[in-house]
Amino acid sequence: MNKLVIYIHGKGGSADEAVHYKPLFTDYDVVGFDYKSQTPWEAEKEFTAYFEAQTKNCDEVILIANSIGAYFSMASLYDKKLSQAFFISPIVDMENLITDMMKWENITEQELSTRKEIPTKFGETLSWDYLCYVRKHPIKWDIPTHIIYGDGDDLTSYDTVKAFAEKISAELSIMRGGEHWFHTDEQMAFIDETIKIIIKER
C-alpha cells in the first residue's frame, strides 16, 4: 500500500516541520507542503493542485495541519479522499477571529468596507474582501478529525473550538497550559502522545 502523511504548517512555519512526524508514521511517506497562499481563495487552487499531484497513487492519506494551515485545508480539501485529519490549534471560525481583530483595533465594518484593507498594530492586515469571502464560504468538513488544542490559545476560545468539534463530530484533546503555538518540548510531546494513542486505536 502507498500511504502518505501530508503536513501543512501554520503562519510563519515551515514545511520542514514535517520531519518531526516521521517517527510517528513509520509505514508512511511524510511530506510537508511549502504553500504560498495568503487567502482561502488562493489556497483553494494551490492546495487542490498539490493534493491531487501528491496523492495520485496513494491508497491512504492522513492530513496533519496547523493553525491557518488547518483553515486553508478545510476550505480547499473538504471533498478529497482523506482517511483522517489531525488539526493542531486550528482556526475553526475565521469570521469570528476577523471580527475579534476588528474589535481589538476599534475598526467598524463600515470603515473596513470603505478602506478595503487596514493594517493593524499586531502585524495583520484586515481585509474586507477576506471577511466577505469567509462569510460566503462556510466550512464544510466531514473527514474523521482529531483536534489538539491548548487551553491558553489566544486566537480561538475553548467554547469556539468545542462547538466546532461537536458540529463536525471531531475528537478534541486539550492540553492544560498549552498555547496556540505548540513548540516547547512538553507541548510537542503532548501532540506526539495524542497522535500515538489515536493511531493505536485505529
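The values are calculated or read from the model by the stated rules, or taken from the named source; none is laboratory data. All values derive from a computational prediction rather than experimental measurement. Methodologically, a virtual Cβ is constructed for each residue, glycine included, from the backbone with ideal geometry; neighbour enumeration extends over all protein chains shown. When the accessible area is computed, the model is the full protein with side chains, heavy atoms only, and any ligands, DNA or RNA have been set aside. Shrake-Rupley method; radii C 1.70, N 1.55, O 1.52, S 1.80 Å.
Structure data summary
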quantity: Computed label-point distance, nm, for sites residue 197 and residue 125 using a 7 Å Cα→Cβ extension; calculated: 4.2 nm
quantity: Cα-centred dipole magnitude for the chain, charges only on beta-carbon of K, R (+1) and D, E (-1), debye, nearest 20; calculated: 420 debye
quantity: Three-way shape label, region 108-162, alpha-carbon gyration tensor, a/c 1.5; calculated: oblate
quantity: Angle between the chain longest axis and helix 94-104 axis [Cα atoms, degrees, rounded to 10]; calculated: 40 degrees
quantity: At 0.692 mPa s and 37 °C, Stokes D of the chain from Kirkwood alpha-carbon radius, µm² per second; calculated: 187 µm²/s
quantity: Of the trypsin sites (Lys or Arg not before Pro) in region 141-177, those whose Cβ has at most 10 other Cβ within 10 Å and which sit in DSSP loop; calculated: 176
quantity: Sequence-distant residues sharing a close amide H with residue 85 (under 5 Å, placed H); calculated: 63, 145, 146
quantity: The chain: relative contact order in percent, alpha carbon pairs under 8 Å with at least 6 residues between; calculated: 18 percent
quantity: Carbon/sulfur fraction of accessible area - region 54-165, other protein chains in place, 1.4 Å, %; calculated: 47 percent
quantity: Local net charge near residue 186, Cβ-Cβ under 13 Å (Lys/Arg +1, Asp/Glu -1); calculated: -3
quantity: Placed amide H near residue 5: partners under 5 Å, 5+ positions off or other chain; calculated: 29, 30, 31, 62
quantity: Neighbour-limited loop hits for GluC sites (Glu not before Pro), region 128-183 (at most 14 other Cβ within 10 Å; DSSP other than H, G, I, E, B); calculated: none
quantity: Given 15 as the ceiling on other Cβ atoms within 10 Å, longest exposed-site-free region of the chain for chymotrypsin sites (Phe, Trp or Tyr not before Pro) in DSSP loops; calculated: 123-202
quantity: 1.4 Å probe accessible area per residue over region 8-131, in Å²; calculated: 49 Å²
quantity: Within the chain, helix-based [θ] at 222 nm, where runs of 4 or more DSSP H residues each add -39,500 (n - 2.57), nearest 500; calculated: -12000 deg cm²/dmol
quantity: Top of 150, 32, 12 by mean-square fluctuation, Gaussian network on the chain, Cα under 10 Å; calculated: 12
quantity: Charge-dipole axis of region 74-189 as Lys and Arg at +1 and Asp and Glu at -1 on Cβ define it, positive-most pick from 84, 165, 101; calculated: 84
quantity: Cross-link partners of residue 22 among aspartates and glutamates (Cα-Cα below 13 Å; sequence separation of 8 or more within a chain); calculated: 192
